[in-house]
Structure formats: structure tokens, C-alpha cells
1. Considering only residues that are of a type in the set (D, E, K, R) and over 18 Å from the mean Cα position of the chain (by Cα), which ones fall in region 8-35?
2. Tell me which residues, restricted to region 10-30, are surrounded by fewer than 18 Cβ atoms within 10 Å (Cβ to Cβ) and either basic (K, R) or in contact with an Asp or Glu (Cβ under 7 Å, 6 or more places away or on another chain) (or both).
3. In region 1-36, what count of residues is obtained for those that are more than 20 Å from R72 (Cβ to Cβ) and in a loop (DSSP other than H, G, I, E, B)?
4. Taking region 50-79 as the search range and keeping residues that are in contact with a helix residue (DSSP H, G or I) (Cβ under 6 Å, 6 or more places away or on another chain) and assigned to a helix (DSSP H, G or I), which one is surrounded by the most Cβ atoms within 10 Å (Cβ to Cβ)?
5. Say whether the condition of being modelled with pLDDT of 80 or more and not basic (K, R) is met by at least one residue in region 131-146.
6. Just a yes or no: is a residue in region 37-45 in contact with a Gly (Cβ under 8 Å, 6 or more places away or on another chain), outside any helix (DSSP H, G or I) and closer than 21 Å to K8 by Cβ?
7. May I ask you to verify whether T103 is more than 21 Å from A153 (Cα to Cα), out of contact with any Phe, Trp or Tyr (no Cβ under 7 Å at 6 or more places or on another chain) and of a type in the set (S, T, Y)?
8. Working carefully through the options Y47, Y60, find the one that is among the hydroxyl-bearing types (S, T, Y) and in contact with a Lys or Arg (Cβ under 6 Å, 6 or more places away or on another chain).
Amino acid sequence: MYDYIVGKLAELTPTHAVVEVGGLGYHVNISLQTYSAINGMNEVKLYLHQVIREDAHLLYGFFEAKEREIFRLLISVSGVGASTARLILSSLNADELQAAILTENVNLIKQVKGIGLKTAQRIVVDLKDKVVGDDFASKQIMPAAHNTSRDEALSALVMLGFSKSATEKVLDQIIREGGELTVEGLIKSALKRL
């Protein structure tokens, strides 16, 4: 089991990073929270979680250990796999998700694409005691300041598996309603509507 990786950030997209260590490039799946935190860095340290399947060995990376712990709690819930957990952590940061679980805010959790009422309720029921028991820090991952655009948000959402035409309509609607937003803001808003 890997704990973390430190190396040169060779490639970065909103869904994955390639971290070069000793001449090897490691493909690491990331959330939007981690993307925001490491965007613009040359050297990165990502806390890892490895998923071993019959057909693949996958690495999931997180800028903060707290986000990795929430990810591990999420995948312990029946019906929530690694991809779904990453999607949840792309829509809500670790602190928002922790607060939603503690306050039993099922509606906030079910706004994430692919999470229905039963799954949201199961997340709350299964994790409420576990989240309380752990000493989570209250630090927030702050998005890096950089120029963003609708096209970058569209590209990220298409990579996450959303249809291009539906995503374009939602992004245009968000921009009309709220003016100019960051890429992360656009993606989070779109994830709640798609």
C-alpha cells in the first residue's frame, strides 16, 4: 500500500495528475479540490489510496490527508465506489461533506450526479458516527487563483463522463445567472445541475 508520492508535476487536468518520480510517471486520479490546490505547482505531495481491480491498479491522490480519509470512508459505504467518491469530493470539499453528514443534510449530498436519495441516506447513516469519531481538521482547501474559462470547465465535465451538449447548456445558464466564475465554481455548480 502506498501512503504518498512526492515528485514533479508532469501533467495536470481536472481529473488526473501525472507525477514524475525517478523517471517514471505515475497516473493519479484526483478530485477538483486537489486540482485547485496543486494547480500551478511544480513539485507536489499527494496522499495516495490504491484501488486494485482485476483489470487495473489505480491510484487516487489527495492534497490533504483529510480528503483521503473522507474518500476512504465514502468507499466503505455500500454502493459508493472510488469513481463516485471522487465525484462527491469534486462537488463538495471534505469540510462541506463532513458538515452535511453531521447535520444529516441528505439533500445536499443527493445533489451530486449519480447519488440518489437512498445512497445519500446510506452515506449519512453509515458515516455519521465515523466522522464524529475522527479528529478532522477544519482547514479548507483554497482554490488557486488563475485564469479560467467556460471551455476548461466544459472539457473537465466531458472527461468526467457528461454529455457535451447538456453540459454546454448548463454552463451557459450558470454564466448568465452568476456572471464570471472560476473553473472550479463553474464545475461545482454544473455538477449540482447535471
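The values are calculated or read from the model by the stated rules, or taken from the named source; none is laboratory data. Quantities reported herein were computed from a predicted structural model and do not represent experimental measurements. Because the Cβ atoms are built from the backbone with ideal geometry, glycine has one as well, and the counts that use them run over all protein chains shown.
1. K8, E20 - these are the residues of region 8-35 that are of a type in the set (D, E, K, R) and over 18 Å from the mean Cα position of the chain (by Cα).
2. Within region 10-30, A10, V18 meet the criteria.
3. 4
4. Per the stated criteria, the residue is I70.
5. Within region 131-146 (the criterion being modelled with pLDDT of 80 or more and not basic (K, R)), the answer is yes, since at least one residue qualifies.
6. yes
7. Criteria met by T103.
8. Y47
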